[in-house]
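Undergrad: Quick one: the structure is below, and I'll ask about it shortly.
The values are calculated or read from the model by the stated rules, or taken from the named source; none is laboratory data. The model shown is predicted, which means the values in this text are computed figures rather than measured ones. Counting neighbours? That spans all protein chains shown, and the Cβs are built from the backbone with ideal geometry, glycine included.
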Amino acid sequence: MTVDLQPNIDSTLISVLETVSDPEIPVLTVLDMGVIREAIEIDKIVYIKLTPTYSGCPAMDVIGDDLKAAFSKVGKEARVELVLSPAWTTDWMSEAGKQKMEAYGIAPPLEETADKDALLGNAKIVKCTNCKSTNTRLVSQFGSTACKALFQCNECQEPFDYFKCLK
């Protein structure tokens, strides 16, 4: 059995979904993050399937409430279901979202093998979000949230978060 990893989102709902941001990275929408796996309207009720970036991610409750509030503003009831399978992957993030993340000061995820090399200290490939140097070093496997690691640039000395690759 194969699993369809493309989200099932009714195009008429996108304008509302685009108004809901990730509370931990407010420049990203839930669509940028790829956490909305389904959004459909049936009999005037919007059903949303939301997948957390990490199981137990505290932002999911806030996102669920924000989705309900956003649809309420346009006169629609929304019901949000947390879906854990298949597990979220950084592959679901939009390219535009990754660019917004970097402009915000968080290094976007690398490819899986590059990510492992960077997090194990085997390669200096995580680009500083301040000066763009790859002469950086891992400070801590965990940054401001569990999905990020803390790096520091050896050139400009600025610390910055790196959003870990998840597969």
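Undergrad: Checking Arg79 against (1) within 25 Å of Ser11 (Cα to Cα); (2) surrounded by 20 or more Cβ atoms within 10 Å (Cβ to Cβ); (3) basic (Lys, Arg): exactly one of these is not met. Which one?
TA: Here Arg79 meets the rest and fails (2).
Undergrad: If you don't mind, another one. So which residues in the range 136-149 are aliphatic (A, V, I, L, M) and either surrounded by fewer than 16 Cβ atoms within 10 Å (Cβ to Cβ) or outside the structural domain of Val126 (by TED's automatic domain parsing) (or both), if there are any at all?
TA: Val139, Ala146
Undergrad: Further question: Test of understanding: among Ala87, Ala39, which residue is in the same structural domain as Ser15 (by TED's automatic domain parsing), closer than 18 Å to Asn8 by Cα and within 15 Å of the chain's Cα centre (by Cα)?
TA: Ala87
Undergrad: Does the range 106-133 hold any residues that are surrounded by fewer than 18 Cβ atoms within 10 Å (Cβ to Cβ), of a type outside the set (D, E, K, R) and at pLDDT below 95, and which are they?
TA: If the condition is that a residue be surrounded by fewer than 18 Cβ atoms within 10 Å (Cβ to Cβ), of a type outside the set (D, E, K, R) and at pLDDT below 95, then Thr113, Ala114, Leu120, Gly121, Asn122, Ala123, Ile125 are the ones that fit.
Undergrad: Is it the case that Val139 is closer than 18 Å to Glu24 by Cβ and part of a strand (DSSP E or B)?
TA: no
Undergrad: While we're here: From the set of residues in the range 36-61 that are among the acidic types (Asp, Glu) and over 26 Å from Lys164 (Cα atoms), which is surrounded by the fewest Cβ atoms within 10 Å (Cβ to Cβ)?
TA: For the range 36-61, the residue satisfying everything is Asp43.
Undergrad: So is Thr113 among the β-branched types (Val, Ile, Thr) and touching a Lys or Arg at 6+ places or on another chain (Cβ under 9 Å) or not?
TA: no
Undergrad: Could you tell me how many of the residues in the range 50-82 are within 15 Å of the chain's Cα centre (by Cα) and hydrophobic (A, V, I, L, M, F, W, C)?
TA: Of the residues in the range 50-82, 6 are within 15 Å of the chain's Cα centre (by Cα) and hydrophobic (A, V, I, L, M, F, W, C).
Undergrad: I'd like to know if the range 122-145 contains one or more residues that are over 21 Å from Asp22 (Cβ atoms), in contact (Cβ under 8 Å) with a residue 40 or more places away in the chain and not aromatic (Phe, Trp, Tyr).
TA: So far as the range 122-145 goes, no, none of its residues is over 21 Å from Asp22 (Cβ atoms), in contact (Cβ under 8 Å) with a residue 40 or more places away in the chain and not aromatic (Phe, Trp, Tyr).
Undergrad: Return the residues of the range 82-105 that are among the charged types (D, E, K, R) and either surrounded by 14 or more Cβ atoms within 10 Å (Cβ to Cβ) or free of Cβ contacts under 8 Å to residues at least 60 places away in the same chain (or both); say none if nothing qualifies.
TA: Across the range 82-105, the qualifying residues are Glu95, Lys98, Lys100, Glu102.
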